1. Indicate, rounded to the nearest 5 percent, the antiparallel portion of the DSSP beta bridges found entirely in chain A.
2. Put +1 on the Cβ of each Lys and Arg and -1 on the Cβ of each Asp and Glu in the protein assembly as shown; which of A:40, A:63, A:113 then has its Cα farthest toward the positive end of the dipole?
3. Let me spell out the model: positive unit charges on the Cβ of Lys and Arg, negative unit charges on the Cβ of Asp and Glu, origin at the Cα centre of region B:221-342. What dipole size does that give, in debye rounded to 20?
4. Which entries in the list B:361/B:499; A:167/A:341; A:438/B:39; A:114/A:227; A:167/A:499 go over 24 Å, if you measure between the two C-alpha atoms of each?
5. Quick one: label points 7 angstrom along Cα→Cβ at residue B:15, distances to the other copies in nm, smallest first?
6. Which residues, if any, in region A:32-48 have at least 30 Å² less accessible area in the whole protein complex than in the isolated chain, probe 1.4 Å?
7. Starting from the Cα-Cα distance between residue A:40 and residue A:467, subtract it from 0.36 nm times their residue separation and give me the gain in nm to one decimal.
8. Roughly how many Å² is the accessible area per residue of region A:271-351, as a whole number, for a 1.4 Å probe?
Protein chains: 2
Amino acid sequence: MSSEMVDSGFVSSEEQIIALLGEIQDWQINHGSLLKNVKSQSEHSVYSYPVGVSVYPSPFPQSEFRRAMEIQLIYNELYTAIASNEDWLYHVTKEMVSSHPLANALWVIHRQTKAAGAAQEISAAIFRSDYMLHMSNNPSSSNDCIEPTLKQVEFNTFSCAGASHSKRVADMHRYMTRTGAYDLETATGQHNPNALSLPSNDNIDSLASFLASAHAAYGSPKNDTAKRTALLYIVQPYNFNIADERPIEYALWNRDPPVPTYRLNWGDDILQHTSLTDTQELLFHPPGLPVRDPMEISVVYMRAGYEGHEYDDIGQQARLRLEMSSAIKCPSILSHIATFKKVQQALIAPGELERFLTPEKAAVIRKTFVMQYPLDKTTEGLFARQIVHDGDCSNYILKPSLEGGGNNIYDRIPEFLESTPTAAWPSYIMMERIQPPKSRNVLMGPSGVEEGPVVSELGIYGACLWKQTNQQSEMLHNSYAGWSFKTKHAHIDEMSVVKGYGCFDTPCLQ
Amino acid sequence: MSSEMVDSGFVSSEEQIIALLGEIQDWQINHGSLLKNVKSQSEHSVYSYPVGVSVYPSPFPQSEFRRAMEIQLIYNELYTAIASNEDWLYHVTKEMVSSHPLANALWVIHRQTKAAGAAQEISAAIFRSDYMLHMSNNPSSSNDCIEPTLKQVEFNTFSCAGASHSKRVADMHRYMTRTGAYDLETATGQHNPNALSLPSNDNIDSLASFLASAHAAYGSPKNDTAKRTALLYIVQPYNFNIADERPIEYALWNRDPPVPTYRLNWGDDILQHTSLTDTQELLFHPPGLPVRDPMEISVVYMRAGYEGHEYDDIGQQARLRLEMSSAIKCPSILSHIATFKKVQQALIAPGELERFLTPEKAAVIRKTFVMQYPLDKTTEGLFARQIVHDGDCSNYILKPSLEGGGNNIYDRIPEFLESTPTAAWPSYIMMERIQPPKSRNVLMGPSGVEEGPVVSELGIYGACLWKQTNQQSEMLHNSYAGWSFKTKHAHIDEMSVVKGYGCFDTPCLQ
């Protein structure tokens, strides 16, 4: 066991762990903590199976957890300001347009929308800022620190997932702790597991509540033919992750008054079942409702449209229709573009944060940054190329400029770049590798159960509603909207629960 | 379509129905309306799949629904009185003792318990009375009626299942109705689907609340070594129906204050993890808790021990230990014996109901009876034998005297009896076949989806706590505790959702 490992404090015999695995599976079946086996689906039945979870909560410092929640309001302010600054956003992402079909598609759609005239001044967004704790072992690092501190892994502005799973797994760990499933002697039977330092999680309600405010902000139908407004939830077809998507829809319907919410699959379904009026209202024509009586869409909530392959002709037309409409987009296309890694890297440069924030707020945000370098011909780029040339990149990760997360290169960076044409190097960001403290846990998921050293990632949800007129941007709603906590084995690089590389977890605050 | 068929009033196109099936499956995955595929279970994962449900609610007369709820209090009174009358109970079931190992085992355990001296004056029970509507087409029937009226199918006193599934499916139909999944034009978005005549269902809370009262009635630990009391939930191992069992356990833990609840598998686990003190307290020694610090069991809630094969030596010892203890049994063994079909049939005879109830209450109960005959040599038995001899048994069902439900003979009764030794005939009851009105619905379950004429069965849960000292029996708690509603295709005889012969449903009250 590494000396830096923090113990969760839970000790169980093998017999207890096996019983506990069964308890957890049953809890997951009863509470929708599941993934759908889409291949098994028929008209009459479908299999589902538990999403990956940590058996025990993992330790996390309370001070950093609170800090992450607090600074979310500043991050929200930062990214809404970025999304309102088209020129800057184009400047930092323009190199990607020629080489990346997704970047190109989004900018093309944005320009077409702009040419048609903005039909809606209000924008909405649900963000998720992901952090790990960083413990520097390297005195030459730019981030020396003795206590582990919060460092941002990435900032997601589009289709932020995991909120519902996080809520359910938090409920599960709180339930197990309270009932003594981990340790009968310390079973509290208490209703307030905050006493046990497992924070509560209200993700589903807070996101539904936010979308309900966006719906309310739209107001009553503008078009004479529409008698009511509704929220449109854009999803990928055949999604195995419906237990993450659906709870927000259920919560919207379960509000009082309910927010009527309808799902449409990305692509042709949008073209088939929506229309734009002359005055750009987005009408929804669900099957089963007479065409003469459409609904007017107040809010378009996007959980699809983040992959390049989705932007074929049909996909582009679909996104264009949504963007051109007077519906409030959650998010609109400039917020979407702000999710690119390149934006995160651009903010590192001196003075950039201060474009959008007061110096005090900029300083708070900058503390969460680790170094990120472009691989272009700027001074920073040449510095990074020198590191690659020197051959020791063990303290770095290579990330595609385009993405929020995923498709990273963790090892053998010099070898990877050698096999990549130099012209394509600017498509990558070289990011200082965060060195998180390890703890010990048992992770259970579709691919197995394994005990060992683990590392965790904290995600903080933020929600914003803002109004933009000419050069003026006014914040209407700015809130912290929940948290996610994911844990993976320390020897695994990527963190994606649904891909099987990690587990949902709950921080045991210390 | 039969002229007697009642239409549910929901009309959907095939496209809408297919979309609806997917909506329902997703809802079920998200709300634990599932069965566990036990064979697929490993340490790290398990498959589950949706329990059978009707796509639409089925019509049911509001007056009969209310009446079934109301008379449950009288049924509770009746069956607690029966369970308190050992002599009568033995008299009506004694013929079964020699031929039925389960009946024999239960009576043997009861006698051993009695010999040791009753350690607990308080008994608890959760009952479920099952009804169908009866429409007599046969003027010679004993139950002529024009309006469909409530007739009892069976009365269950032991391990009554289905409460949790019923609650979830009721929630599902209410949700689908409210959101317009059946008919967008009439989508109400209302929070009170009672307006739509779909009754709410609080089964899980009401059963948990009842068990919590039983737990409270036990009081504080009597034994010096025990610091706390807990409820013991006895279950069958490897149960695929955990989504019906577990919610009651979760609800008990989620109460404020929580009722500590622990599961033990039927059989050896009971012998391994419990002990009886000299003063008959039942101590629970869970793995992981030091033996010096046991819990004292307040209530034993039985969801296992209803099948003959469970009473091998180990099973008998286990049940005996539970029965001999001072824990409150839910139910105790005499209540268990009262579930035998033979008891239901014996109550038909003139004067029998009046042993236990006032004439007014007896009359109310008798209205729910259809004729039942023994096949013995009593006058009623000889009458029934004559019917068999005459060869037309299409208005009758043959049911084993022992069981609450299941293993019935629906067709070719004369042929079946011919191949059965006459000495075994008294093991059967011949019951008038209830002729329920048919409606039209689409049923979806693990074996397929099918549209067609269906019939429904209403179950009403009742809960009782009573105190018996010498010949005195005092009711401490008598309540209605919820409802279940199951629907099957009209051409299927047996009604068992978990066996795939029916679906959970919600009555659309009319």
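The values are calculated or read from the model by the stated rules, or taken from the named source; none is laboratory data. Remember, predicted model here, so these are calculated numbers, not experimental data. Every residue, glycine as well, gets a Cβ built from its backbone with ideal geometry; the counts of neighbours run over all protein chains shown. These accessible areas exclude ligands, DNA and RNA; they are computed on the full protein's heavy atoms, side chains included. Shrake-Rupley method; radii C 1.70, N 1.55, O 1.52, S 1.80 Å.
1. Within chain A, antiparallel bridges account for around 75 percent of the total.
2. Going by the Cα projections, it comes out as A:63.
3. Dipole of region B:221-342, to the nearest 20 debye: 320 debye.
4. Pairs exceeding the cut-off: B:361/B:499; A:167/A:341; A:438/B:39; A:114/A:227.
5. Ordered by increasing distance: 6.1 nm.
6. Residues passing the criterion (a loss of at least 30 Å², heavy atoms only) are A:43, A:44, A:45, A:46, A:47, A:48.
7. Result for the pair: 149.2 nm of gain on full extension.
8. 31 Å²
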